Amino acid sequence: MKKLLLSLAVSTALITPHFAQDDFKPLEGKRYITVDSDASKQIKKQFGKDAAIIDDSYGVSLIHIEANKITELSEFMHRNFRRCGGFIVHEEIEEGIQTLRTNGQKRWANAHQFMDYQIDQEDIVKPMIQEVEQENIANTIVDLSKFHNRYYKSQSGVDAAYSIRDSWVELGKNREDFKVEVVKHSGFPQPSIIATLEGSEHSDEIVIIGGHLDSINGQWGAAKRRAPGADDNASGIATISEIIRVAMKHNYKPKRTIKFMGYAAEEVGLVGSKHIANDYKRNNKKVVGVIQLDMTNYQGDETDILFMDDYTNKAQNEFLGSLIDQYIGVSWGYSRCGYGCSDHASWHRAGYPASMPHEATMDGGNPHIHSTRDTISQSGSHAKHAAKFAKLGLAFMAELGK
Ligand code: BES
Ligand code: ZN
């Protein structure tokens, strides 16, 4: 048997020398691996001077290890941690560092408890919640759906962004501590819009309530095609506008800073939010909580509000569930996108606590998105479902903004 294998290997080497050469290349030199920190100490103990821990952050370690020890490491991991693999091999240190950072940030963003999540702002939250009017949300959805599309490269997509800017300026016109900025992105004309309600005490700590302002119909020729995007995502933007309206009407003054964000270019790869979240990370901004309102007005399931459990923060998701129980009294549960399906993923990847309260389960949601059929009539031409999300957003704002 051994002989047969050997002769097979030799003949393969003769026929396909490149392949065979790679295949039989002795493992020389050193490699970088990333592995969960809980395993790194034991790896060090086991492999001694053959393994050096170079860096350790957010629960992930970067280890420099002799290449010829990698097979043994694989067996070791399997035996001790019941993990297949359980580590990633990197040829270059840069790749290892990058993985350390992004894996670590994601893990941190998922599992770390960023705040102590006390619910004690009833006197402020209750009256604000009562003020929410679904008709306002419905009207905004209809207005935004009138733009031919809100595509990130088309003029109507730019006009839509400025119309959101104008409406938010109008809502906060009597407040010195409220301002609205247009955030330009390179490579396409649609800007993101950010409204800031400045905190009175810890203004460096930021609570974010966001949603994407663009819309799309299909992929090719999308710049010309009609894309009303009523549910995806005029509903989220309209929900945010109602939160701002109520906050202003109640003369709400947070201690932390609240930012309302309408992101450009989500539909083409979370582009606007990625720019913004990475910029915040680079500048070490303290973001204490993020919610993403993307599709809030199509009730596709019996359960009212579904939290996506991937690319989000566990403790903050539970906190939001408690806010629903305490203040809104509708049903809630969990679902999963299975990929970074909206702008919360940009914040998550940057290491911040994000949540995405959604209108339905992943499978039960609006089947008409990304088409000309995404109009408010699919949701009964009212915004009763979105109103629940406006209430949740107000509760989140006041209980985190204190
Ligand atoms: N609103 C959707 C995401 C979504 C769809 C969430 C259905 C839950 C149910 C979002 O606008 C979108 O379309 N995202 C893209 C991904 C992005 C990375 C381009 C998508 O899902 O294809
Ligand atoms: Zn979409």
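Checked against a 32 Å cut-off, the cross-linked pairs LYS224/LYS391; LYS41/LYS255; LYS30/LYS106; LYS146/LYS253; LYS314/LYS402; LYS126/LYS179 give Cα-Cα distances beyond that limit for LYS224/LYS391; LYS41/LYS255; LYS146/LYS253. Counting beta carbons within 10 Å around each of MET362, MET295 and listing the fewest first gives the order MET362, MET295. Placing +1 on the Cβ of every Lys and Arg and -1 on the Cβ of every Asp and Glu, with no other charges, gives the chain a dipole of roughly 900 debye about its Cα centre. Seen from a random direction on average, the alpha-carbon convex hull of the chain projects onto 24.7 square nanometres. Since only GLN326, GLN46, THR239 are under comparison, the one whose Cα sits farthest along the positive direction of the charge dipole of the chain, derived from C-beta charges on Lys, Arg, Asp and Glu, is GLN46.
With +1 assigned to the C-beta of every Lys and Arg and -1 to the C-beta of every Asp and Glu, and no other charges, what is the dipole magnitude of region 291-361 about the Cα centre in debye, to the nearest 20? Don't skip to the end; give the middle numbers.
Details: 3 positive and 10 negative charges, 59 e Å.
That gives a dipole near 280 debye.
In this structure, HIS112 and SER377 have a Cβ-Cβ separation that, at R0 = 60 Å, corresponds to a calculated FRET efficiency of about 0.90.
On the beta carbon distance between GLU122 and GLU28, with R0 = 56 Å, the FRET formula returns roughly 0.25.
Based on the Kirkwood radius over alpha-carbon pairs, what value in µm²/s does the Stokes-Einstein equation return for the translational diffusion coefficient of region 30-106 at 20 °C and 1.002 mPa s? Intermediate values should be presented prior to the final figure.
Working: Rh = 12.0 Å.
My calculation gives 178 µm²/s for D.
Taking amide H as placed 1.01 Å from N in the peptide plane, the amide H of THR296 sits under 5 Å from that of SER235, GLY236, each at least 5 places away or on another chain. Only one residue of ILE65, PHE76, ILE93 has its Cα farthest out toward the positive end of the dipole of region 30-106, where Lys and Arg carry +1 and Asp and Glu -1 on Cβ, and that residue is PHE76.
Please report the antiparallel percentage of DSSP beta bridges with both residues in the chain, rounded to the nearest 5.
Details: 30 of 50 bridges.
About 60 percent, rounded to the nearest 5.
Relative to the longest principal axis of the Cα atoms of the chain, the long axis of helix 134-145 lies at roughly 70 degrees. The chymotrypsin sites (Phe, Trp or Tyr not before Pro) of region 273-354 meeting both criteria, a DSSP state outside H, G, I, E and B (loop) and at most 16 other C-beta atoms within 10 angstrom of the site's C-beta, are TYR339.
Simple rule: put +1 on each Lys or Arg Cβ and -1 on each Asp or Glu Cβ in the chain, find the dipole, and look at ILE129, SER335, SER37; the Cα lying farthest toward the positive end is SER37.
Placing +1 on each Lys and Arg Cβ and -1 on each Asp and Glu Cβ, with no other charges, gives region 30-106 a dipole about its Cα centre of roughly 340 debye.
Computed from the coordinates by the stated procedures, all read-outs in this text should not be read as laboratory data. Just so you know, these numbers come straight off a predicted model, no measurement behind them. Positions of Cβ are generated from backbone atoms using ideal geometry, with glycine treated the same way; all protein chains shown enter the neighbour counts.
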